[in-house]
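The values are calculated or read from the model by the stated rules, or taken from the named source; none is laboratory data. Since we're looking at a predicted model, the values are computed, not measured. Glycine also receives a Cβ, built like all others from the backbone with ideal geometry; neighbour counts cover every protein chain displayed. To get the accessible areas, we keep the full protein, side chains included, count just its heavy atoms, and leave off ligands, DNA and RNA. Shrake-Rupley method; radii C 1.70, N 1.55, O 1.52, S 1.80 Å.
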Amino acid sequence: MTVLETDRLILRPWEICDRAPFAAMNVQPRTTLHFPHPITEEQSDASFDRIIARQADEGMAFAVAERKTDGAFLGFIGMARMKDAGPGLDGEMEIGWRLAPEHHGQGYATEGARAWIDHGFNVLHLPQILAWTAAPNLPSQAVMARIGMVRAPELDRDHPKVAEGNPMRPHVVWRITRPL
């Protein structure tokens, strides 16, 4: 699994010791503000297990974002192949992030995402990278804009795993294509 470094971050594979800080991040209401429902510790553990399995099976999963100065777990920033998103998205490379609320607004998501985009285009030679989020999630969309992504409204859709009527079901898709 790839390890990337930026000025302030180490973006690295998951380790068992990341389970507790991942759960602590996920159960905070501000973390799940744009999720269809809060995440319980049990759901967080199941998600952690899926990430570890994906990392082992595919060699790539959203990576832990660790602050260089003190080794603090900030959350995750990375790329993974999209699954269960539907036609036009499944199989595409997705960039995504989730940071603990105390680390919001410090430029970490933008910094880490730029490193992954560089890696995706210059090492993996991807033709494009996508991102999607709940339509009300304007902070995440602001990061997408800052990293050079543009809206791809033709790919917008309802999230297939979110119940009808939930305000977080409509999702917007953003894209960045490899420069020629």
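Things to note:
- Per-residue [θ]222 nm for the chain (sum of -39500 (n - 2.57) over DSSP H runs n ≥ 4, rounded to 500): -8500 deg cm²/dmol
- The residues neighbouring SER44, those whose beta-carbon lies less than 12 Å from its own, together hold a net charge of -2 under the Lys/Arg +1, Asp/Glu -1 convention.
- Euclidean distance between Cα centres, segment 34-107 to segment 127-180, Å: 15
- Here ALA53 and CYS17 are evaluated by their C-beta separation; at R0 = 25 Å the FRET efficiency comes out at 0.90.
- Contour excess over end-to-end distance, with Cα ends at ALA142 and ALA46 and 0.36 nm allotted per residue: 31.6 nm
- By definition, a body whose alpha carbon gyration tensor gives a ≥ b ≥ c is oblate when a/c is 1.5 or more and a/b is not larger than b/c, and segment 88-157 fits this oblate description.
- A straight chain from VAL150 to LEU180 at 0.36 nm per residue would run longer than the Cα-Cα distance by 9.1 nm.
- Length-normalised contact order for segment 1-71 - Cα pairs under 8 Å, 6+ apart - percent: 44
- For the chain, carbon and sulfur atoms together expose 55% of the accessible surface, with a 1.4 angstrom probe and every protein chain in place.
- GluC sites (Glu not before Pro) restricted to segment 79-180 and DSSP loop, no more than 10 other C-beta within 10 Å: GLU164
- Exposure rule at most 14 other beta-carbon atoms within 10 Å, DSSP loop trypsin sites (Lys or Arg not before Pro): the chain longest free segment: 84-160
- Estimated FRET transfer efficiency (ASP90, VAL3; beta-carbon r; R0 35 Å; 0.05): 0.80
- Cβ-placed point charges (K, R +1; D, E -1), dipole of the chain about Cα centre in debye, nearest 20: 440
- Other residues with beta-carbon under 13 Å from the beta-carbon of HIS103 carry, at +1 per Lys or Arg and -1 per Asp or Glu, a net charge of 0.
- Taking every alpha-carbon pair under 8 Å whose residues sit at least 6 apart, the chain reaches a relative contact order of 19 percent.
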